[in-house]
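Engineer: Provided herewith is a single structure, encoded as structure tokens, for subsequent inquiry.
The values are calculated or read from the model by the stated rules, or taken from the named source; none is laboratory data. This is a predicted model, so every value here is computed, not measured. FYI the Cβ positions are ideal-geometry reconstructions off the backbone, even for glycines, and counts take in every protein chain you see.
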Amino acid sequence: MFFLVVRNISIFFGGLAALSNISFSVNKGEILGLIGPNGAGKTTLFNVINGFYRPSEGDVLFKGNTISHLKPHQICTLGIARTFQVVKPLRRMSVYDNVLASAFLRAKNRSQAEKIALDILEFAGLYDARDLISKGLPLGKRKRLEIARALATDPEMLLLDESFAGLNPTELNESIEIIKKIRARGITMMIIEHHMKVIMSISDRIVVLNYGEKIAEGTPLEIAANPLVVAAYLGDMASA
């Protein structure tokens, strides 16, 4: 049984198809990359998977159960957490309190929530920044805080939306190491990313969207050699 199944998903806004008949599956423990030009429908697909949008057609199944009728907090409780392309921490709260708030999803009491938060901060390399107010963090730490908040919900699956965007080379390498550590914990991941070196190096398989349609699926080597992908996306990236 596949861990996550996206089955014939379509969604329409004002009569226009943002996603059209999208299908693929994700295996437990896998890292699935999701790429495509701006406006291809990648974040919209994340919004369908985590319940922010209800699909016009099709279903999403998690561990064999249909979840496409559920609300985001219900899906998070089931074990799917996500980050957002535009990072929005609780700006007036400390880094620690941001993560603590997420930890209460699973914690039975404050003591347990505090332990979860401190463990996650250590894991994400944010322990020394725990008392800082989140609105003052540089971008790299804000991105890591977004991941830490998601991890504090103890997910089985993590949806990462451009968690590497805007990072300098040092921050990029640190974030890649965090992804590897997340995988070592057995957490399944889907990752939206425009940084091709990153997505090609960490993904087991890649799904490519273009104008709301799936145009390819395969290993990084297969995707890099796919003429449809090169024409729609990788060719433009290479010439940029």
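Engineer: If you check Ala40, Ala148, which single one turns out to be surrounded by 14 or more Cβ atoms within 10 Å (Cβ to Cβ), under 30 Å from Arg7 (Cα atoms) and under 14 Å from the mean Cα position of the chain (by Cα)?
Structural biologist: After applying the criteria, what remains is Ala148.
Engineer: Could you say which residue among Leu159, Leu167 is over 29 Å from Thr77 (Cα atoms) and either outside any helix (DSSP H, G or I) or touching a helix residue (DSSP H, G or I) at 6+ places or on another chain (Cβ under 6 Å) (or both)?
Structural biologist: Criteria check complete, one pass: Leu167.
Engineer: For the stretch 64-83, how many residues are part of a loop (DSSP other than H, G, I, E, B) and surrounded by fewer than 16 Cβ atoms within 10 Å (Cβ to Cβ)?
Structural biologist: 3
Engineer: Something else now. I'm told Gly29 meets every condition in (1) in contact with a helix residue (DSSP H, G or I) (Cβ under 9 Å, 6 or more places away or on another chain); (2) closer than 16 Å to Asp161 by Cβ; (3) in contact (Cβ under 8 Å) with a residue 24 or more places away in the chain except one. Can you identify the failing condition by its number?
Structural biologist: Condition not satisfied by Gly29: (2).
Engineer: Residues that are modelled with pLDDT under 95, more than 18 Å from the chain's Cα centre (by Cα), at negative phi and exposed (fewer than 15 other Cβ atoms within 10 Å of the Cβ): does the stretch 15-31 have at least one?
Structural biologist: Yes, that holds for at least one residue.
Engineer: Right, another one. (1) β-branched (Val, Ile, Thr); (2) outside any loop (DSSP other than H, G, I, E, B); (3) under 18 Å from the mean Cα position of the chain (by Cα): which one isn't true of Ile116, the others all being true?
Structural biologist: (3)
Engineer: Which members of the stretch 179-205 meet the condition of being over 19 Å from Thr43 (Cα atoms), outside any helix (DSSP H, G or I) and not hydrophobic (A, V, I, L, M, F, W, C)?
Structural biologist: Arg185, Gly186, Asp204
Engineer: Among the residues of the stretch 212-235, which ones are modelled with pLDDT under 90 and farther than 24 Å from Ala17 by Cα?
Structural biologist: Gly235 - this is the single residue of the stretch 212-235 that is modelled with pLDDT under 90 and farther than 24 Å from Ala17 by Cα.
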